[in-house]
1. Note the full-extension length gain between residue 101 and residue 197 as 0.36 nm times their separation in residues minus their Cα-Cα distance, in nm to one decimal.
2. Which number comes out as Rg/Rh for segment 1-70 once both Rg and the Kirkwood Rh are worked out on C-alpha atoms?
3. With the crude spin-label approximation of a point 7 Å out along Cα→Cβ, what separation in nm comes out for residue 235 versus residue 250?
4. Of 121, 172, 80, which has the largest mean-square fluctuation in a 10 Å C-alpha GNM of the chain?
5. Enumerate the residues in segment 4-36 having an amide nitrogen under 19 Å from the point lying 7 Å beyond the Cα of residue 212 toward its Cβ.
6. Checking the a/c ratio against 1.5 first, then a/b against b/c, what shape does the Cα gyration tensor give for segment 76-198?
7. Just want to confirm a number: the relative contact order over segment 9-73, from Cα pairs under 8 angstrom separated by 6+ residues, in percent.
8. Compute the long axis of helix 38-50 from its Cα atoms, compare it with the longest principal axis of the Cα atoms of the chain, and write down the angle in degrees, 0 to 90, nearest 10.
Ligand SMILES: NC(=O)c1ccc[n+]([C@@H]2O[C@H](COP(=O)([O-])OP(=O)(O)OC[C@H]3O[C@@H](n4cnc5c(N)ncnc54)[C@H](OP(=O)(O)O)[C@@H]3O)[C@@H](O)[C@H]2O)c1
């Protein structure tokens, strides 16, 4: 008999997380969907059940470290989790210095700390089993210091570096760690973005790229490729060239 596969995704109530849940839903898969909006999670769960998966829902704010840890350990004991995708994230309203400062704290809390709250509690159990996969959803913004959203760039850069460090740390225990860096994706988050969005991609297409990258155990799953190349190069060129290049990517983010 083929063993069952446990998959947990945060931020699964819409956007990339919901698309990923549907892409991974299949017979033999035990899915756990995490977010705050129970109604939206139920709708995604129903679509995943239609594809043959067993689905459980955890309504939780990923910033609530103790509560999330308890729920994760309880779920893992009932139904061992093989793959975790820490996808929940926010890009908060931009504007003057005060708005940017406020957004920065919120982005670090959800994008960085919420992601650590999601993956770290499961490391001991995965070590014990000698296998597992932990993926964090960063962004191409991790490579580009965006003056309109320093908190978003910084939270995603820190998450990416944390993920790569953890990848090397956990490799000897059979645990794989992957850093996912999407470009512009057509989701709710994207719809509040006012600015140029080259190579805009649907959430379904992004989910397919992520699934392929996870199967191949890529350290960094960055897409679409032309934009990934530009973002990565921006860290290597002299400052005036970087500023000029990034001047085409100025933006604002509307209030939620
Ligand atoms: N869209 C893009 O262009 C783009 C590009 C690069 C990277 N990303 C990253 O991809 C990930 C998904 O983005 P998306 O575009 O799909 O965004 P989205 O449509 O706004 O969805 C965000 C998801 O995160 C959940 N979430 C937000 N804060 C949460 C919290 N504190 N606790 C639990 N869940 C929370 C939301 O659910 P609830 O509101 O129900 O809690 C929702 O399911 C994010 O990490 C984002 O930074 C997006």
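Each reported figure results from applying straightforward, stated rules to the coordinates on display, with no laboratory input. Worth saying up front: this structure is predicted, and the values here are computed from it rather than measured. Glycine gets a Cβ as well: all are built from the backbone with ideal geometry, and neighbour counts include every protein chain shown.
1. Details: separation 96, 0.36 × 96 = 34.56 nm, distance 2.41 nm.
Additional length available on full extension: 32.2 nm.
2. Details: Rg = 11.8 Å, Rh = 12.0 Å.
Rg/Rh for segment 1-70 comes to 0.98.
3. Rounded to a tenth, the inter-label distance reads 2.6 nm.
4. 172
5. So the set is 16-17, 19-25.
6. Taking the square roots of the gyration eigenvalues as a ≥ b ≥ c, segment 76-198 is prolate.
7. On the way: 113 pairs, mean separation 20.8, N = 65.
After rounding, I find 32 percent.
8. With both axes taken from Cα atoms, the answer is about 60 degrees.
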